[in-house]
Every structure is written in structure tokens, then in C-alpha cells.
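Some notes on the structure that comes next.
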Amino acid sequence: MELLNKLVVTSLPLVPLPIVRRLASRYIAGETLDDAVRTVRALQAEGACATLDVLGEDVVAKEQAIAQRDESVRTLEAIAREKIDSHLSIKLTSLGLKVGPPGQGTTIDPAFCRENVHAILEAADRLGIFVRVDMEDSTCTTPTIELFRDLHREFPRTGLVLQAYLKRTEADVRSLPPATNYRIVKGIYRESPEIAFQGPEEIRASFLRLLRRMFERGSYVGIATHDDALVRGSLEIVKELGIPPDRYEFQMLLGVLPELRRRLIGEGHKLRVYVPFGAHWYGYSTRRFKENPTVAGYVFRALFHRG
Ligand code: FDA
């Protein structure tokens, strides 16, 4: 079945777009800000809170990055206006970290990206909304951490994502201020064995080791996983170190294991759902399909389901 899943995922570009869109709909709130607000309200009714993500990574034209910045600011304004319980998550490659003329490759442009992120953080600060910087592939790790380090001084209500599969993360935690608000994740991009742990057990062990370090340094941590072993391991660390409820939360992706989400909420833990929305849904959804152990079944059902 695993092989079949892999085959189906590699063949996704051949699957008709309306079918991919139908499959993607479980992971995406919709294309508009209204769809996003509606989804957050439904999650709040369940006892969860949210972080909104305006989809659109790997932007290479400056105008697109500026449009993405403006959409992020509009999203912050909607969070405040609609009084929904949500943060904002941003990706630096959608805000101009890598820009370049069409067809001529890209260069890292932290100064242009910094201007865009600064504008978003200024708006968030004015509106009292927390913003988290997502972590992308390893070509982005150093510029993302440097930009975060720089802007965090001016905007302390900003958090960062670190990836447990990267061997450097332990040193990054040591070098970042203890007051950093983290989201810890396994890491989703394909990285080489030189820089990243490859085996699931090594990655789990690293995740729990890093969580412990972050707590020991006094940081707030968003524990972002759907892996039951990591949920249990994290709760053991919380208990052992006597971490109070205002120092951590669980985080999950929209459309993934809602039963685990409800269980954690039922046990009294704070639970935040990552809610992506917007027109650029294809790349994000493809990553979710790759993680989904039953995607082949979904694709076949969607292909053969009529009406
Ligand atoms: P794992 O992949 O082992 O999943 C555990 C179980 O969950 C699976 O066995 C399956 O049952 C279920 N499951 C997982 N994914 C599924 C899916 N798509 N569909 C259906 N079932 C699924 N990564 C990154 O590199 N940078 C980032 O900024 C972020 N941000 C982020 C935010 C939040 C809130 C979360 C939860 C995750 C991220 N990630 C991320 C992704 C993260 O790195 C990782 O790839 C995924 O969370 C999957 O890893 P798990 O820990 O959930 O374990």
C-alpha cells in the first residue's frame, strides 16, 4: 500500500485538476478570506484556536511578494475586525526571500523580504496579533533565523518554527534568545543525510530532545505533530518538568486527524489549528498528500466517484 501511495503521489500532475482540488479541500479553508474566517469560527466552536496562512510560496517576482504582503495585512485586519481567535503564519519565500528576473534563477534577497515582513509585523503589533515565521527548506534556514533574530528585537510578539530533522537545530536553540516562542515540527522538506536525520525514530528522538531544551530554557512551545508517540512523549516531558498550561500548546494541520484534535481539547490542552487559505493551494496540498498514508484510496475514490 505504501508503494501504491508513493506511485499515486508521483502521478498527481496527471490527475485532473478538479479532482486534486476536491481532495485538497479537506486541507484548505477555501480560496477567500471569508472562507478562512468561517473555518476559524467552526474550529472555535469545537474549542480550538487557529493560525491563518495565506497560501503562496516560492514567489520570485517582486510584485507577487508585495501582493502577498498586502494580503497578509488584510488577513490581520480581518482577524481583528471579526474578533476571531487566530494568529498569522507567514513564509519568507512568499514574501520575497528568493527573487529574480523571470527564467533567470533566483537570489536570496533578505533586505527586500525584511521590508515586507516588517510591514506585516508593524500591522500585527498595532492590532495585537501574534505572527509566526514558518520554516522552509534548508536553503532558507540561516536567512530565516537571521531575519527572525533581527525583527524579534523590535517585535517580541513574533515566533519561529524549528525542524527536528535538521542536525543544526540544537545549536540554533542554544543561540536564540530563551524568550523565543517556538513551534517545533518534524520537518517536511527532503534534506540530505549530511544535514538531516532520516529515520523516523531519530527524528522523534530529536523532536523530544529539542522540546525538553526549549522548556528548560524557559521558552513557550507549540508542539506541532499528529504523531501519537510524540504527543505522548511530549506530555511526559510536560509532566516531568512541571510545565504549566500557559507555556505550551498543541498544533495540528486543518484536515489531519480531527479525532486526535478533539481528544487533546477534551483533555484540556490548548490546541491551535493551522488554517491555510487562498488561490495558491496546489503546492501545499501536494505536500499534505505525500504525508497521508491513505492518499491512494482517496485519489481512486475521487476518480471513480460520480456526481
Ligand atoms: P507523521 O507524519 O508521522 O504523522 C502522524 C500520523 O498523522 C500519520 O500516521 C497519519 O495517520 C496522520 N497524518 C499525518 N499527515 C497526514 C495527512 N496529510 N493526511 C492525513 N493523515 C495524516 N513543517 C516544516 O518543515 N515547516 C513548517 O513551518 C511546518 N509547520 C507546521 C505547522 C503545523 C501546525 C504542523 C502540525 C506541521 C507543520 N509542519 C511544518 C509539517 C511537519 O514538519 C510534518 O511534516 C507534519 O506535521 C507531519 O509530521 P507528524 O509529526 O504529524 O508525523
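Observations on the model:
- Between ARG263 and GLU82, the distance separating the two model label sites (each 7 Å from Cα on the Cα→Cβ line) works out to 3.0 nm.
- For LYS239, net neighbour charge (Lys/Arg +1, Asp/Glu -1) across residues whose Cβ lies under 13 Å away: 0
- Cα gyration tensor shape for the range 89-235, rounded if a/c is under 1.5, else prolate or oblate: oblate
- For the chain, the share of accessible area belonging to carbon and sulfur comes to 56 percent (1.4 Å probe, ligands and nucleic acids excluded).
- Cβ-Cβ distance of ALA42 and GLU201, R₀ of 41 Å, FRET efficiency by 1/(1 + (r/R0)^6): the value works out to about 0.70.
- Here the translational diffusion coefficient of the chain follows from Stokes-Einstein with Rh set to the Kirkwood radius across Cα pairs; for 37 °C and 0.692 mPa s it amounts to 164 µm²/s.
- Relative contact order (percent, whole number), the chain, Cα cutoff 8 Å, 6+ residue spacing: 25
- Using C-alpha pairs under 8 Å with a sequence gap of at least 6, the mean separation divided by the residue count of the range 54-147 gives a relative contact order of 33 percent.
- Each residue, LEU14 and ARG174, gets one label point 7 Å from its Cα in the Cβ direction; the gap between the two is 4.9 nm.
- Overall form of the range 1-160: oblate. Here a/c, set by the Cα gyration tensor axes a ≥ b ≥ c, is 1.5 or more, and a/b is not larger than b/c.
- The slack in the chain from GLU236 to ALA279, taken as 0.36 nm per residue of separation less the alpha-carbon distance, amounts to 11.5 nm.
- Cα gyration tensor shape for the range 208-288, rounded if a/c is under 1.5, else prolate or oblate: prolate
- Rounded to 5, percent antiparallel among DSSP beta bridges of the chain: 10
- Scanning residues 5 or more positions from GLU31 or on other chains, those with amide H under 5 Å from its amide H are GLY278, with H placed 1.01 Å from N in the peptide plane.
- Magnitude of the charge dipole, the chain, Cβ model with Lys/Arg +1 and Asp/Glu -1, debye to 20: 600
- Approximate spin-label separation ARG247-THR106, in nm, with each point projected 7 Å along Cα-to-Cβ: 3.8
- Residue-count net charge about ALA205 - beta-carbon cut-off 13 Å; Lys, Arg +1, Asp, Glu -1: +2
- Helical segments meeting 18 Å axial Cα length and Kyte-Doolittle 1.0 threshold in the chain (DSSP H): none
The values are calculated or read from the model by the stated rules, or taken from the named source; none is laboratory data. Just so it is clear, the structure is predicted and the values come from calculations on it, not from any experiment. Note that each Cβ is placed from the backbone with ideal geometry, even for glycine, and that neighbours are counted across all protein chains shown. Please note that ligands, DNA and RNA were not included when accessible areas were found on the heavy atoms of the full protein model with its side chains. Shrake-Rupley method; radii C 1.70, N 1.55, O 1.52, S 1.80 Å.
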